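The values are calculated or read from the model by the stated rules, or taken from the named source; none is laboratory data. Nothing here was measured: the structure is a model prediction, and the numbers come from that model. Cβ atoms come from the backbone with ideal geometry, glycine included; neighbour counts cover every protein chain shown.
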Amino acid sequence: MTSFKAGLEDIVALRSEICFIDGQKRQLVYRGYDIGELVGKATFEEVVYLLWNGHLPPAAELQRFKEELAAESTLPAELVDFLKSCPKDAEPMAVLRTAVSALGLFDAEAPVQDRDANRRKAARLLAKVPIIVAYNGRLREGKDPVPPKPELSLAANFLYMLRGVEPDQMEEDIFDAALILHADHELNASTFAARVAMSTLSDVYSAITAAIGTLKGPLHGGANEQVMRTLLEIGDVSNVDDWLKAALARKERIMGFGHRVYRTGDPRADYLRRYSQELGEKRGELKWYEMSRRLEQLMLEEKGLHPNVDFYSASTYYMLGIPMELFTPVFAFSRVSGWTAHLLEQFDDNRLIRPRAEYVGPRDLTFVPVDRR
Ligand SMILES: CC(C)(COP(=O)(O)OP(=O)(O)OC[C@H]1O[C@@H](n2cnc3c(N)ncnc32)[C@H](O)[C@@H]1OP(=O)(O)O)[C@@H](O)C(=O)NCCC(=O)NCCS
């Protein structure tokens, strides 16, 4: 047996053709394409197709894929009733996790384990998860859900359902790019959870439910919401230095910084930094960007830590009018694409994922009856 490594750091647990990360070179590659080749050139839909199929779609295929997603852009009435019945203060990630699990009950193909059925379920989830997130976002603010406009892109449709007005081109482009940047990330914790569930030959809905529950934590996808809470707490760029000094003195973790794999910086943050600035300039609201920049500078000086994907996505999403409680569900909406790509790959060449533990507990104890303990 190989030796124990805390947090499975640097352990290669499986082989995959989907995503490559070079933590030293700040490189993220989807199916052979550096993200710089995709962001601003491809749409999120094209990238999802790429992740699932291993190649970019020819025009007719892309059109068919969009039609498939449009046809799946509905929720069962029972699920809408469920969303309406959720407590207003329920955590949106908990609502999403429960709703995705419930969605499986209304899909006759849920228990069917074959590649085509799993691929259809992936499309269903990709189309329906953003509706769940947007509906929940509105309902928790006491507003009526806005039904989807399936002719829009996934990015534009989500912002439309959430805000009730269609985004302008710049907002759509930035959100679409943010979805691409969050689409996949090799064997991160939630993807690993999804693949473990799939490796038991459970089912796609169970695996995605496990993934959502895993993404929820503040050390993973939950960090983006915490970043925005931090920025709101700091309030002004003039407070950043004192705030950070005090937080580091208390030995707090600063959300949105550090990464298990990227030790020289997260390439996704480079794009999101730009979007945060562009949206700030457009809205005349540069304070979030400026505060973020100062935090970034100080964290590098003080701790040698770089911002990760969650740092600038926080202010970007905030300025797109997304409530911060939905930041992590939005991450999940995008990551459904990568999770399901990994589920398809896992299913194609499955072997039960079952590692070992190094036992460090006591041995050879003798049983003592309860009246003598
Ligand atoms: C992402 C993260 C969980 C990676 O953790 P990891 O690979 O296990 O790294 P470690 O927790 O071992 O951290 C290594 C050192 O850096 C410090 N560190 C790491 N991230 C830090 C942060 N965000 N703020 C302050 N210190 C941090 C740790 O305290 C530790 O210092 P020590 O060796 O003096 O104890 C971690 O960086 C973190 O908690 N970041 C904040 C949450 C976040 O943004 N998550 C989203 C990830 S995309």
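Data table
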quantity	calculated
Residue check for G265: within 11 Å of the ligand (Cβ to nearest atom), touching a strand residue (DSSP E or B) at 6+ places or on another chain (Cβ under 9 Å) and in contact (Cβ under 8 Å) with a residue 24 or more places away in the chain	no
Sole exception among (1) surrounded by fewer than 17 Cβ atoms within 10 Å (Cβ to Cβ); (2) in a loop (DSSP other than H, G, I, E, B); (3) not β-branched (V, I, T) for P167, by number	(1)
When residues of segment 226-262 are limited to those that are within 11 Å of the ligand (Cβ to nearest atom), of a type in the set (A, V, I, L, M, F, W, C) and buried (at least 20 other Cβ atoms within 10 Å of the Cβ), the one nearest to I174 (Cα to Cα)	V227
Pairs, first within 17 Å of E17 (Cβ to Cβ) in segment 30-49, second at pLDDT 95 or above and β-branched (V, I, T), C-beta under 8 Å, six or more apart	Y30/I18; Y30/V47; R31/I18; I35/V29; I35/I180; L38/V47; L38/I180; V47/I180
Residues of segment 325-373 that turn out to be closer than 21 Å to L8 by Cα, among the aliphatic types (A, V, I, L, M) and in a loop (DSSP other than H, G, I, E, B), as a count	4
Test: residue in segment 234-254 that is touching a residue at least 40 places away in the same chain (Cβ under 8 Å) and closer than 30 Å to K121 by Cβ	no
Spans of helices (runs of 4 or more DSSP H) in segment 38-150 with at least 1 residues surrounded by 15 or more Cβ atoms within 10 Å (Cβ to Cβ) and among the basic types (K, R)	59-71, 92-103, 115-139
Residues being of a type in the set (G, A, S) and either under 19 Å from the mean Cα position of the chain (by Cα) or on the phi > 0 side of the Ramachandran plot (or both) - total across segment 43-82	1
Extreme residue, farthest from the ligand (Cβ to nearest atom), among residues of segment 212-225 that are part of a helix (DSSP H, G or I) and under 17 Å from R260 (Cβ atoms)	T214
Selection count, segment 1-25, where residues are touching a His at 6+ places or on another chain (Cβ under 9 Å) and either exposed (fewer than 11 other Cβ atoms within 10 Å of the Cβ) or under 20 Å from T264 (Cβ atoms) (or both)	3
Among the candidates A247, A197, residue that is small (G, A, S), closer than 27 Å to I132 by Cα and either part of a helix (DSSP H, G or I) or touching a strand residue (DSSP E or B) at 6+ places or on another chain (Cβ under 7 Å) (or both)	A197
